[in-house]
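The values are calculated or read from the model by the stated rules, or taken from the named source; none is laboratory data. Remember, predicted model here, so these are calculated numbers, not experimental data. Methodologically, a virtual Cβ is constructed for each residue, glycine included, from the backbone with ideal geometry; neighbour enumeration extends over all protein chains shown.
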Amino acid sequence: MLFRRSKSLALPDVIEGCRREKPTAQKQLFEAYYSFGVNICLRYAGSREEAEEMFDDGFMKVLTNINYYSPEKPFDAWFRTVLVHSAIDHYRRHKSAIIRTDIDEAFDVGETDDLFERLGAEEIMAVVQQLPPAYRTVFSLHVVDGYSHPEIAQMLGIHEGTSRSNLARARQKLQELLMDWTTTTHSVNRRNYV
């Protein structure tokens, strides 16, 4: 599965080693959470390379802030939150090249649930990565991570209407990309059976 991480880790011991800045513990944490973390970052990145860069930045924040982690809470959730915030920081650093639209320019988009049901997680991820950065970021924050538009607006330094508009446009663009994907896939499948 795309979002699964290794379970063979004595996590409390590794976290304690990271708190003591032990390189072996840091390496163990990195290796155990690499796939899990990169897959989180892929939702916000335009490419695997960008996702790996986001993960590297986020992992450094995890190590820097490991003393703020409370062992009473799930580590995976804390780790994920740090990576999402790191992805947002990445977005802010590269914000000048991002398209913004206002809510007045957005319009209703039909449902794409049927298309999503026919695709696997990796295929959906590949389509989401084709979205422009602003659309991809708002889509991931709202749809995948469950943030509200006021929260997204505050995190990204945009207007709430811009967040709504970017989500509507992301859905529209996703629908177009998914239609293209299904058309291409069905054409290839028909040729293979003829």
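Quick grid of which residues meet (1) polar (S, T, N, Q); (2) farther than 18 Å from residue 43 by Cβ; (3) modelled with pLDDT under 85:
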| position | (1), (2), (3) |
| --- | --- |
| 107 | no, yes, yes |
| 110 | no, yes, yes |
| 123 | no, no, yes |
| 139 | no, no, no |
| 144 | no, no, yes |
| 150 | no, yes, no |
| 153 | no, yes, no |
| 176 | no, yes, no |
| 191 | no, yes, yes |
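With the checklist (1) surrounded by 11 or more Cβ atoms within 10 Å (Cβ to Cβ); (2) at pLDDT 85 or above; (3) out of contact with any Ser or Thr (no Cβ under 8 Å at 6 or more places or on another chain) in hand, flag the one item residue 119 doesn't pass. Among (1) surrounded by 11 or more Cβ atoms within 10 Å (Cβ to Cβ); (2) at pLDDT 85 or above; (3) out of contact with any Ser or Thr (no Cβ under 8 Å at 6 or more places or on another chain), residue 119 violates only (2).
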